[in-house]
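Read through the structure below, which is laid out as structure tokens, and then see the notes.
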Amino acid sequence: MSNRYPLEAVLRDGRRLLIRPFTANDVDALYEFFHHLPQEVRRFAWDRIDNRNLVESWGRELDYSKVLPLLAFDGTKVVADATLHRRQGSPLRLVGRVKWLLDPAYRGAGLGTILVNQFIDTARADGLRHLTCMLISDSEADAVRTLGDLGFTGYTIPGYGTDPDGNQHDMIKMVLKL
């Protein structure tokens with residue numbers, strides 16, 4: 001981890017948050033955050049975040065060289081979860097993959113930009129060459145704009161994603177060359 005944590009972040013609206021890596025002691029707070037996200041957000045998450053055993057496994061199997069999980073706290077409440085994933089020893093070992101979920105009450109205030117910028121700094125310091133992120137075109141348009149503003153280029157793949165009801169969605173692969 002190249003950045004120093006914890007980090008105080010000030011959102012555009014003046015709210016102050018603490019950003020730091022997820023630890024095993026954060027399992028309850030992270031699960032609570034996931035549990036309180038609206039159903040329409042949870043249903044499109046990359047992982048089964050409603051499965052407490054999965055969240056507990058993340059706490060037991062922390063390896064910051066593979067996954068850097070950052071949490072944003074407003075007091076003791078988690079308001080965002082973001083992860084930078086890396087592969088070791090593969091053709092994609094110099095490519096990082098970014099995922100994030102924000103509490104809807106904290107969207108549009110610059111939190112996503114702050115978190116992705118942390119990953120850009122970390123990726124550069126670690127010698128990565130690219131960052132990528134896969135997003136659902138229609139429901140994650142704000143995230144697509146955020147990444148575009150940070151220099152990511154988007155590639156649309158029609159019908160690539162499938163929601164829990166079996167409906168297909170266009171997805172956008174966002175790529176940043178570092």
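Divide by every residue of the chain the summed helix terms, -39500 (n - 2.57) for each DSSP H run of at least 4, and state the resulting mean residue ellipticity at 222 nm, rounded to the nearest 500 deg cm²/dmol. Please report the intermediate quantities before stating the final value.
Details: 5 runs with 47 residues, N = 178.
It lands at -7500 deg cm²/dmol.
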statement: For the chain, the Debye formula with one identical point scatterer on each Cα and no solvent gives log10 I(q)/I(0) at q = 0.08, 0.09 Å⁻¹ as -0.23, -0.30
- request: Determine which lysines satisfy two conditions relative to Lys66: a Cα distance under 24 Å, and not lying fewer than 8 residues away in the same chain.
  value: Lys99, Lys173, Lys177
statement: With +1 on the Cβ of every Lys and Arg and -1 on the Cβ of every Asp and Glu, the dipole magnitude of the chain about its Cα centre, in debye rounded to the nearest 20, is 720 debye
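Read the figures in this text as sums done on the coordinates, not as results from a lab. Keep in mind that this is a model prediction, so the values were computed, not measured. Heads up, the Cβs are rebuilt from the backbone with ideal geometry, glycines too, and the neighbour counts pull from every protein chain shown.
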